[in-house]
């Protein structure tokens with residue numbers, strides 16, 4: 001990644017990781033230095049589970065992509081966000097973990 005001063009940090013939720021082309025372009029933007037991507041283990045698990053539920057025949061490819069993301073985006077994983085989750089009140093309670101991760105990593 002080419003760093004840019006004050007680069008925007010974004011948390012990518014499972015719904016934007018799910019479509020291959022969207023995931024690909026967002027990860028390319030990260031490598032171009034346009035922003036820094038972040039996600040949680042929970043987000044990655046949800047993405048993997050959802051994709052395999054709809055396309056089980058792609059399991060080897062999905063597992064390979066997941067390993068590549070772990071390897072090439074080692075600074076993307078957000079941890080320590082869990083204490084914030086319960087304190088957040090959102091219309092969709094299932095989104096609280098994403099918002100908590102955004103708070104934890106200082107996403108814009």
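Report the label-to-label distance for residue 57 and residue 42 in nanometres (one decimal), using points 7 Å from each Cα along the Cα→Cβ vector.
According to this spin-label approximation, the distance is 3.4 nm.
Which of 14, 32, 93 moves the most in a Gaussian network model of the chain with Cα springs under 10 Å?
With Cα springs under 10 Å in the chain, the top fluctuation among 14, 32, 93 is at 93.
With each pseudo-label sitting 7 Å past Cα toward Cβ, what's the residue 7-residue 31 distance in nm, one decimal?
In this crude spin-label approximation the distance works out to 1.3 nm.
So what is the relative contact order for the chain, in percent, with contacts set as C-alpha pairs under 8 Å and at least six apart?
The normalised contact order for the chain reaches 31 percent.
Is it possible to state the helix-based mean residue ellipticity at 222 nm for the chain, with each DSSP H run of 4+ residues giving -39500 (n - 2.57), the sum divided by total residues, to the nearest 500 deg cm²/dmol? What is it?
-15500 deg cm²/dmol
In nm, to one decimal, how far is the residue 86 label point from the residue 15 one, both placed 7 Å along Cα→Cβ?
2.7 nm
What FRET efficiency would be calculated for the residue pair residue 70, residue 93, taking the C-beta separation as r and a Förster radius of 30 Å, to the nearest 0.05?
That pair, residue 70 with residue 93, gives E of 0.60.
Where a number appears in this text, it was derived from the coordinates with a stated rule and is not lab data. Source: prediction; values computed, not measured. Every residue, glycine among them, receives a Cβ derived from its backbone with ideal geometry; neighbour counts consider all protein chains shown.
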